[in-house]
Amino acid sequence: MIFQRALKRELASSAGATFTVLFSILVTWTLISILGKAAGGKVASTDVVALIAFAALNYLPTVIILTSFISVLMVVTRTYRDSEMVVWFASGQSLAKWIRPVLTFGLPLIILTGALSFFATPWAKQKSSEYIERFNKREDLQKVAPGQFKESSSSNRIFFVEAVAGKSAVVQNVFVNSVDARGTSVVVAKEGVISTTPDGSSYLVLKNGRRYQGTPGQADFQTMEFERYSMRVAQQSQEMDAPLEAAMTTKELLASPTNATRGELLYRIGAPITCLILLLLAIPLGFVNPRAGSSTNLIIAVLIFFAYNNISKVLEASVKQGRLPFAISWWPLHLAAALAVLALFAWRLNVNHRYHPLALMAALKRGGSKKAVSQ
């Protein structure tokens, strides 16, 4: 009991530190990515915080799986490095005794990973898609950020506004460059506002400005001043697109059995199973020679994690493309990983058997005390 309590405290401390580092890296990377989209006019600046939260929630299952794997590996590695494991084996205990406390520590993480992958992550992806889609369906002028050039959705106009008057749709110092069948025209105005007619059409109403048509210096060049000038603003269709499979609830995936939904279901089922297998794999994988460095184990663990994750993605893509059926795709990888865990346990238990007191006494009787003890 003393050993299990101490081990749980150390595992919790290691998991907390690992999660903090990984989650900080994730949030920083997400922040840079979304801020770049906001600067490029792909998402609304007011939605940045919400999109960061949704993206972090989307990647949280992967972070928890990697956290559980690395935290157990680091604790086991430390016990080998500090020669505590030698005392553990010499006391008649085996490596299999670590399974129960590790599973006790990891069970909440496995349940949390399953809950996130089955419920929270689809909700986050759905909300993120709604925010982006809502921004894409806004009128062209409402997408323009002050001080930035913005191309219209029809790609024939470029807008620029110097300032926005409060929270209203009124913009000040407007520049519009248009290209149509008659040529290029430039319109500048002191202010503009979006006006909607009863039939639902949207117009940009410019006030107190000037319009230039044609090429300067040519005979067809025209210029005019106006007090009020209206131009049609392109508006995206308000029809909602079909939700992506990643944003569908688990109930919806089960209700519509297609290749794409089965591939998404494969990922959600595999997340908690992967967390369980990697937790157990970290126990025999944590062996390290006390006289050697311990960084090799961590590098191998990271490579194993990415290989496992990439193979899962390949199987998921194969199911979505219809190249593999779901029934024979969700279990072979996890079964092979489980067999690898059993093989590593059997190998480590056989190697560590020499530390058992009876094995040491037998070695002493054979006259190989110094060699046996040194090994």
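The residues of the stretch 180-190 that are part of a strand (DSSP E or B) and open to solvent by 70 Å² or more (accessible area, probe 1.4 Å) amount to a single one, LYS190.
Suppose the filter is touching a residue at least 40 places away in the same chain (Cβ under 8 Å) and part of a helix (DSSP H, G or I); does LEU26 pass it? Against the criterion (touching a residue at least 40 places away in the same chain (Cβ under 8 Å) and part of a helix (DSSP H, G or I)), LEU26 does not qualify. The single residue among ALA163, ALA145, ALA169 that is closer than 30 Å to ALA53 by Cα, part of a strand (DSSP E or B) and at pLDDT below 75 turns out to be ALA163. Just one of (1) modelled with pLDDT of 80 or more; (2) open to solvent by 60 Å² or more (accessible area, probe 1.4 Å) trips up PHE226, so point out which. For PHE226, the failing item is (2).
Per the listing LEU95, LEU60, the residue uniquely more than 22 Å from ARG5 (Cα to Cα), open to solvent by less than 70 Å² (accessible area, probe 1.4 Å) and in contact (Cβ under 8 Å) with a residue 60 or more places away in the chain is LEU60. Read through the list (1) open to solvent by 50 Å² or more (accessible area, probe 1.4 Å); (2) of a type outside the set (Asp, Glu); (3) over 23 Å from ALA271 (Cα atoms); (4) part of a helix (DSSP H, G or I), then give the number of the only condition that ALA53 fails. So the condition that ALA53 fails would be (3). Against the conditions (1) modelled with pLDDT of 90 or more; (2) open to solvent by less than 40 Å² (accessible area, probe 1.4 Å); (3) over 21 Å from the mean Cα position of the chain (by Cα), MET74 satisfies every one except (2). Within the stretch 4-15, if we keep just the residues that are in contact (Cβ under 8 Å) with a residue 40 or more places away in the chain and open to solvent by less than 70 Å² (accessible area, probe 1.4 Å), the residue that is farthest from THR67 (Cα to Cα) turns out to be GLN4.
The values are calculated or read from the model by the stated rules, or taken from the named source; none is laboratory data. Every value quoted in this text rests on a predicted model; they were computed, and no experiment measured them. So basically every Cβ, Gly included, is an ideal-geometry build from the backbone, and we count neighbours across all protein chains shown. Keep in mind that these areas ignore ligands, DNA and RNA; they rest on the heavy atoms of the full protein, side chains included. Shrake-Rupley method; radii C 1.70, N 1.55, O 1.52, S 1.80 Å.
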